[in-house]
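Scroll down for the structure; my scribbles are underneath it.
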Amino acid sequence: MGKPILKGTDLGYYASDKTILQHLDFEIAPQEFVTLTGPSGGGKSTLLRLLASLISKTSGSLTFKAEEIETYEPTAYRRQVSYAFQQPQLFGQTVADNLEFPFTIRNEPFDNEKAVEFLGKVNLEPDSLNQPITELSGGERQRVALLRNILFMPEVLLLDEITTGLDVDNKAIINRLIGQLNQTEGLTIISITHDTSEFKLANRLLTLKDGQLEA
């Protein structure tokens, strides 16, 4: 499988005296598409948040490119390992406000042409840039949020049930883009979904139950 881009060794996490994850051992190879499956409450979202460095492990080892995640500066790490929320977190007034943000934090001028190109990847028109976020449907909000994650391509994209509650058309648009990112851009993807029809997108399934990985 080559050198892993992410690796957990005897990884564990507990909170409020409750063990949520325990003794996890796994490796994610570069350019893999891995889907996390298993019953609700099994620890999938907790594992994804650990990988995103949104929370910190309480035992074991978790590395990104062979270095412990905690050794990375958090902002720099999250540019390389990007997390997409189930409920899209949009801000400002317009779609442009959200797509300008990745440029702003990198002290780069907004590239209108690039933004329009990426809008096209998710079937949104160029004039969507000026659309108030209050007028967006749930599916459109999720598409804009996903574009914000990939305008500057990370090395790993973490997807936390981002198609939950979306209609068939919006799911198809998002899943087509995710597949293209993995197949043509070589983006490593780790996804949580309860939609069994989406399992086929992945190279590999990892099943979490009661805080442990099933063999």
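Values quoted throughout were computed directly from the atomic coordinates according to the rules given, and no laboratory measurement underlies them. Quick caveat: nothing in here was measured; it's all calculated off a predicted structure. With ideal geometry, Cβ positions are generated from the backbone for all residues, glycine too; neighbour counts draw on all protein chains shown.
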Please give the length that would be gained between Gln89 and Thr134 if that part of the chain were fully extended, namely 0.36 nm times their separation in residues minus their C-alpha to C-alpha distance (nm, one decimal). 15.0 nm
Helix 112-121 versus the longest principal axis of the chain: what is the Cα-based angle in degrees, 0 to 90, to the nearest 10? 70 degrees
What share of the DSSP beta bridges in the chain is antiparallel, in percent to the nearest 5? 50 percent
I'd like the distance separating the alpha-carbon centroids of region 169-215 and region 64-105, in whole Å. 20 Å
Quick one: check the C-alpha center-to-center distance for region 106-125 versus region 1-41, whole angstrom. 33 Å
Could you tell me which residue out of Gln22, Ser45, Gly179 lies farthest along the dipole of the chain toward its positive end? Charges go on the beta carbon: Lys and Arg +1, Asp and Glu -1, centred on the Cα centre. Gln22
Under the Karplus relation with 6.51, -1.76 and 1.60 and θ = phi - 60°, whole-Hz ³J(HN,Hα) for region 145-156, x at Gly and Pro, equal 4, 5, 4, 4, 5, 10, 4, 10, 5, x, 8, 9
Normalised radius of gyration for region 6-213, please: alpha carbon Rg relative to 2.2 N^0.38 Å, two decimal places. 1.03
